[in-house]
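What follows is one structure encoded as structure tokens, with my remarks underneath.
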Amino acid sequence: MTEMENKAVEYAVQQGVATLTMQSAPVNALSRAIRIGLIEGIESALNDASVKAIVVTSSLPIFSGGADISEFSGGDLSPMLPEVLDKIENATKPVVAVLPGPAFGGGLEVALACHHRITFAGNKVGLPEVNLGILPGAGGTQRLPRLADVQTSLEMIVTGKPTSVVKLPGVFDKISDKPEHLLEDTKAYLQGLTPDKAIKRTCDISLTMTDETKGVFDAVTAQTKKATRGFFAPLKCIEAVRGAYTLAFDDGLKNEGKLFMECMNTPQARAQQHFFFAERAAGHVSDFDKNTPERSIEKVAIIGAGTMGGGIAMNFANAGIPVTMLELKEEALEKGLALIRKNYENSAKKGKLTQEQVESRMALLSGTTSYDDLSDVDLVIEAVFEKMEVKKTVFSTLDKVCKPGAILASNTSTLDIDEIATATSRPEDVIGLHFFSPANVMKLLEVVKAEKTSAEVIKTCMKMAKRIRKVAVLVGVCFGFVGNRMIEPYGREANRLLLEGATPEQVDRVLTEFGMPMGPFTMGDMAGLDIGYYVRQSRQEHISHDPAYGAVADRLVEKGRNGLKTGRGAYNYEPGSRVPIPDPEVLEIAKQEAERLGVQQRSDICDEEILVRVMYSLINEGAAILEEGIAAKSSDIDVIYVYGYGFPVYRGGPMQYADEVGLGTILDKLTTYRDQLGEYGKMWLEPSDLLVKLAQEGGSFRSYNAKA
Ligand code: NAD
């Protein structure tokens, strides 16, 4: 590729300044074309005697979003970014990075390799590589600490969070007050460059490890170990930055490269990169295209101001969208609105909101007990009691009062949206919007398409999710949709293991060591064991063939042990505390139930058995969901599990984890326990057809997606 052909970087010389303008929409990802363009631009500028200084900048509102991660899977990668940066840093004419917008990852590394950096006050930069399970591999860990202080450098590299440029005075030589002033400030800066200051190579700065610096490293290491339990890359980031203080620049770079490769070759890096794409892919669905019309959502109503209704309303108010909440009784309405205010006030106390923000959000919320007030809303979300009859009554009333084209959504966790839609004369406008609790916090939204939901309604809801800062995943109708349907076998096995002689703390330990934020028994206690109890009651036709199904959990509820809220569940709790305390009474109940049901208790239940039965059952259900088309792709299931259930992102989600383990292994182990567990195994641990098929042909969920 020659300079003339390179469209990714425009090269122009004016008044002795060569400007290399990256212009590869949308984010100037540092593709091979940009890398070649930068090298060629620098060479041209060095070879042109009329050029006195070089500017590297961008025509987009972003300087660069960093590496082109689609290149991670291979291809011709030369020249690699470090080679480009070497060329920039060693240029014999001053090179100035001018940032008209954020620079992330490799983008910031480009800027750090330049001799000078200019930006404007509102800008942000960051090194987010750690979120992909790796570390900045083009000198970021060596150059940033040479310009910023050790604490800031470590924080930026270890957390991956964007940082305001005003917090980085050592990094930027000039910070304009406004982006509009960048051009003239750059001109003035270039004119003011004296020969002795013209070439300022970051690599020439030497750092030493003082006692104070060592103290910072020790503190950040201790804190990181705690905050990023289970993650591999964060500690490697610290090790790489340490090299900036203990090694010569070139050796520090080599050390960074070695650590980068160590990270890159881990299942974690594969998982986190998979997840990065999975999250973006969740928004790409085949049900609509760019020609599908979209409806505008400017006014929303929520039916039911309880736990979920309140949280859902907050999402819209936070996004500046007015919400009317409807309850049958004034008291319930007042209670709901008061709870929302309390939530906002708490955020204000923590400094997350100003008092004005609290008031402006509250001003967007209004209450009513009359359906007549819903005649002009664009979207209604029903969040009343989980009873089909109640929901149908609500929907038939909505059908009468809502304007044509209003979207009628239900937040049901389990009920059949197709049936709910029959209560209206407009099933094409009916959809499920399944928020997770607490609805104002959890990022996941399952968008549930019913049989007759129109493409327009699906598209509008998927786009609306972005406005209220949710990650939406489109799923089909079945009991529990994707997330809760998969959690059922997970909880079932956990409870069965308790009946067979495992303890709640053993099961929970295995799952937390795996990386779940809490084990199934702690989770059940938090959610309330009565919830599962009522679900089992309502699903007798699906479970009554197994008299031991959920038996221990049922007995716990019958003894008033409903979980955290009653101070006793699978564990005991001190008043006001959430710390689970093992209770021998629970084991005694399990023992009695086992005797009553003729289940042999065993003392040899090992951690592997627990993980396989609980986690592989969940994966097995995921395979069935995929096969039935309830989820369109396995990566959607991964997004649901990471954002809805705290599945460790460093495992990429349950389906990515299964691919990493190998579907052959998953199948073997699952069938081993199925066979060992006799009748019970036959009832519940039968592998799904898709799992068997993919395992037998040496396939993966990923390969299945590619074919689907
Ligand atoms: P909740 O009991 O806290 O709130 C329900 C509210 O609806 C109450 O305030 C009640 O007064 C009101 N209500 C009942 N019937 C009504 C009617 N006919 N018209 C107007 N208001 C009415 O329940 P919740 O936990 O908020 O659950 C609501 C829905 O959300 C259920 O369908 C539930 O399955 C679903 N959901 C709950 C969770 C969760 O974790 N709680 C998660 C996802 C989905």
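The values are calculated or read from the model by the stated rules, or taken from the named source; none is laboratory data. This is a predicted model, so every value here is computed, not measured. Backbone-built Cβ (ideal geometry, glycine too); neighbour counts: all protein chains shown. Please note that ligands, DNA and RNA were not included when accessible areas were found on the heavy atoms of the full protein model with its side chains. Shrake-Rupley method; radii C 1.70, N 1.55, O 1.52, S 1.80 Å.
Side notes on the structure shown:
- Residue among Gly133, His116, Thr202 farthest towards the positive dipole end of region 9-264, charges placed on Cβ: Gly133
- Burial order of peptide ranges 219-228, 92-101, 265-274, 665-674 (average beta-carbon count within 10 Å, highest first): 92-101, 265-274, 665-674, 219-228
- Net dipole in debye of region 356-406 [+1 Lys, Arg Cβ; -1 Asp, Glu Cβ; about Cα centre; nearest 20]: 240 debye
- Averaging Cα coordinates gives a centre for region 289-318 and one for region 640-708; these two points are 35 Å apart.
- Antiparallel bridge percentage (DSSP; both residues within the chain; nearest 5): 25 percent
- Computed from Cα positions, the angle between helix 267-282 and the longest principal axis of the chain comes to roughly 80 degrees.
- Calculated FRET efficiency for the pair Asn291/Tyr534, C-beta based, R₀ 45 Å, to 0.05: 0.50
- Centre separation in Å (Cα based) which lies between region 190-237 and region 534-588: 51 Å
- Dipole magnitude for region 485-599: about 240 debye, using +1 per Lys or Arg Cβ and -1 per Asp or Glu Cβ, origin at the Cα centre.
- Check: the chain dipole with +1 on Lys, Arg Cβ and -1 on Asp, Glu Cβ, in debye: 1280 debye
- Electrostatic bookkeeping for Gln696 treats Lys and Arg as +1 and Asp and Glu as -1; over the other residues with beta carbon under 12 Å from its beta carbon, the sum is -2.
- Surface exposure of region 1-138, expressed per residue as accessible area with a 1.4 Å probe, stands at 36 Å².
- Counting charges near Lys197 (Lys, Arg +1; Asp, Glu -1) among other residues having Cβ under 15 Å from its Cβ returns a value of +3.
- Relative contact order for the chain: 9 percent, from Cα pairs under 8 Å spaced at least 6 residues apart, divided by residue count.
- In the chain, the longest principal axis of the Cα atoms and the axis of helix 584-597 are about 50 degrees apart.
- For the peptides 577-587, 324-334, 139-149, the ranking by mean Cβ contacts within 10 Å, running from highest to lowest, is 139-149, 324-334, 577-587.
- Per residue value of the accessible surface for region 300-475 (all protein chains in place, 1.4 Å probe), Å²: 42 Å²
- For the chain, the share of alpha carbon pairs falling in successive 20 Å distance bins from zero is 16, 41, 34, 9, 0 percent.
- Charge tally for Lys174 (other residues, Cβ to Cβ under 10 Å; Lys, Arg +1; Asp, Glu -1): -1.
- Each stretch of four or more DSSP H residues adds -39500 (n - 2.57); spread over every residue of the chain, this sum gives -14500 deg cm²/dmol at 222 nm.
- Look at the dipole of the chain built from charges on Cβ: of Leu474, Phe385, Gly105, the Cα furthest out on the positive end belongs to Gly105.
- Carbon-plus-sulfur accessible fraction, the chain (probe radius 1.4 Å, protein heavy atoms only): 53%.
- Order by protection proxy (mean Cβ within 10 Å, highest first), peptides 486-493, 538-545, 166-173: 486-493, 166-173, 538-545
- Between the listed residues Pro489, Ile88, Gln600, the Cα displaced farthest toward the positive end of the dipole of the chain, a dipole computed from Cβ unit charges relative to the Cα centre, is found at Ile88.
- Angle in degrees between helix 663-676 and the longest Cα principal axis of the chain, rounded to the nearest 10: 20 degrees
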